[in-house]
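The values are calculated or read from the model by the stated rules, or taken from the named source; none is laboratory data. None of these values were measured; they are calculated from a predicted model. Here the Cβ positions follow ideal geometry from the backbone for every residue, glycine too, while neighbour counts run over all protein chains shown. To get the accessible areas, we keep the full protein, side chains included, count just its heavy atoms, and leave off ligands, DNA and RNA. Shrake-Rupley method; radii C 1.70, N 1.55, O 1.52, S 1.80 Å.
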Amino acid sequence: MEVGSFSQLEYLDLSANRLSQSIPETIGDMLKLHYLNLSSNNFSLGIPPQIGKLVQVNELDLSHNVLSGDITTQIQSLQSLSTLNLSYNNLSGSITIFDELRGLVHVNIAHNELQGPIPDIPAFQNAPIQALEGNKGLCGNVSGLKPCKLSKNGHHKLLYAIIFPLLGASILLIVILALYFSFKSRGKHADEESESSLISASLFAISSFDGKLLYSEIIRATNNFDSSCCIGKGGYGNVYRVELSSGDIVAVKKVHPLRADEVRAAKEFQNEVMACIEIRHRNIVKFYGFCWSAEQSFLVYKYLEKGSLATNLSNEEAGKELDWEKRVNIIKGVANALSYLHNDCSPPIVHRDLSSNNVLLDAEFEAHVSDFGTAKLLNPDSSNWTNLAGTYGYVAPELAYTMKVSEKCDVYSFGVLTMEVIMGAHPGDLISTLPSSSLEMRLLVKDVLDQRPLPPSTDVQDKLESVMEIAFMCLAENPHSRPTMYAISQLLAS
């Protein structure tokens, strides 16, 4: 029972012993735990509800015991949990309680007496059958499991789900054919009208702006993209500040002309458009529309007054203005944006190029993630191999040798970015010499804090230490050891 007195313990492994009776309720007092392994013992009775107090635990292994009864509903509180193993027990009942654990990445509930449909979250939907087998009552749309029985209403819903998309696709095909022949007939008109039709066909506005008018305004306001209007340059395209006649100000990213690698450039443009059309989040830069043609290709975004985070951190006066409250809020905003991309978008979106250059600040210093040219929409039915992408110094180490992209690549980049915001500059080689104890971590934070803002108060200092601790977790060499962005956003909100 005294185990609960280790209130500062972060890692506890008592596996492969002969511990018996029930798991002590005092386990819930170990609030700093990130890792708990009680597997291969003789623990009986049920999982104690107090385990739900371990809100920071990232990996939990209770496998190979004789635990019985329903899984405690308090397990829903473990929002930081990414790896869970309950296999080889006598647990029973439904597992719908796991629906709320959206940060889960790996799960194993094999060889119990569990029943009902498996949760509709990626950890279960993508789990191998070996992690679910041995439960006679489980069902779901996973290879090796029996499908769940549909009620009569369910059959009707399934029928509607098939018919209506087919009907919609047919209508869309008719509309596309009608537009095609309409545009084809217009090709016989004068050159001026033909050019106007090309502009109208090239621009797709997804906002209150009129597409054709917006195109003309952008060309006029930038003097056909004169260098004097350029506010930023990159390998993918240049960014221009455009003031419209209405008084609205937009940022226009003009894609470099397609020359050497036309296929790759077109793919990057398509990636950014497809990602941005679906995204709606306060911490992601607002997308207005795009133009795609051989002559002019650009994307239109909301203009953010303070520019990039990198520019603000590198400027002496701006660095002073970025006080600690603003910096912590920027870190929270980026975490919320990535959590949204990973968990609320279907399929999930991995940014792949998170850096201080791709975080923009508005007048209130609120963070907005931008630049989705290298973003990847994860396909749950594939291994998601990819070419190396990203900014040097922010790329997760596993991408150098596995080339397999996952959400944990963004988590690593977020760790680098968090350290950069606190230090005022890129952490560089400090990433490879992370502290091994809480004391070392506290001393390091004091040593590396950006000296330009006013010194933090005691409360803010404690908050910065917690934030830096999260950053270190994100920089773990093993991607499976990194927390999910959903878990990170929850920790930062607490």
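Peptides 214-222, 83-91 ranked from most to least packed by the mean count of surrounding Cβ atoms within 10 Å: 83-91, 214-222. In terms of its C-alpha gyration tensor, region 85-150 comes out rounded, because the ratio a/c of the largest to the smallest axis stays below 1.5. Most tightly packed first, judged by the mean number of other beta-carbon atoms within 10 Å of their residues, the peptides 33-44, 348-359 read 348-359, 33-44.
Taking the protein heavy atoms of region 292-352 in the context of the full set of protein chains, the accessible area attributed to carbon and sulfur is 42 percent at 1.4 Å.
For region 11-139, a/c is not less than 1.5, where a ≥ b ≥ c are the root eigenvalues of the C-alpha gyration tensor, and a/b does not top b/c. That puts it in the oblate class.
Taking other residues whose beta carbon is less than 13 angstrom from the beta carbon of SER40, and scoring Lys, Arg as +1 and Asp, Glu as -1, yields -1.
Each residue, SER44 and CYS230, gets one label point 7 Å from its Cα in the Cβ direction; the gap between the two is 7.6 nm.
Backbone N atoms of region 76-98 closer than 15 Å to the 7 Å Cα→Cβ label point of HIS480 belong to residues 82-87.
The phi-based Karplus calculation (6.51 cos²θ - 1.76 cosθ + 1.60; θ = phi - 60°) puts the 3J(HN,Hα) values of region 15-23 at 6, 6, 10, 10, 5, 9, 6, 8, 5 Hz, whole numbers, x for Gly and Pro.
Heavy atoms of the protein chains alone define the surface here; on that basis region 11-139 has 41 Å² accessible area per residue at 1.4 Å probe size.
A simple count of charges around SER94, restricted to other residues whose Cβ falls under 13 Å of its Cβ and scoring Lys, Arg +1 and Asp, Glu -1, yields -3.
Expressed as a whole percent, the accessible area of region 11-139 that falls on carbon and sulfur atoms is 47 (1.4 Å probe).
Taking the Cα centre of each part, how many Å lie between region 456-471 and region 1-40? So the separation of the two Cα centres works out to 27 Å. In the structure displayed, which of LYS320/LYS446; LYS332/LYS408; LYS53/LYS408; LYS253/LYS306; LYS146/LYS408 lie more than 22 Å apart, Cα to Cα? The answer is LYS53/LYS408; LYS146/LYS408.
Once the other residues with Cβ under 15 Å from the Cβ of VAL445 are scored (Lys, Arg +1; Asp, Glu -1), what is the net sum? Walk me through the intermediate numbers first.
Numbers: positive: ARG327, ARG442, LYS446, LYS463; negative: GLU420, GLU440, ASP447, ASP450, ASP459, ASP462, GLU465, GLU469.
Around VAL445, the surrounding residues sum to -4.
Taking 7 Å steps out from each Cα toward its Cβ at SER5 and GLN115 produces label points 4.5 nm apart.
May I ask you to order 51-62, 472-483 by the average number of other C-beta atoms within 10 Å around their residues, highest value first?
Top to bottom by mean Cβ count within 10 Å: 51-62, 472-483.
Counting Lys and Arg as +1 and Asp and Glu as -1, each charge on the Cβ, what is the dipole of region 11-139 about the Cα centre in debye, to the nearest 20? Walk me through the numbers on the way to the answer.
Details: 5 positive and 11 negative charges, 27 e Å.
Around 120 debye, computed over region 11-139.
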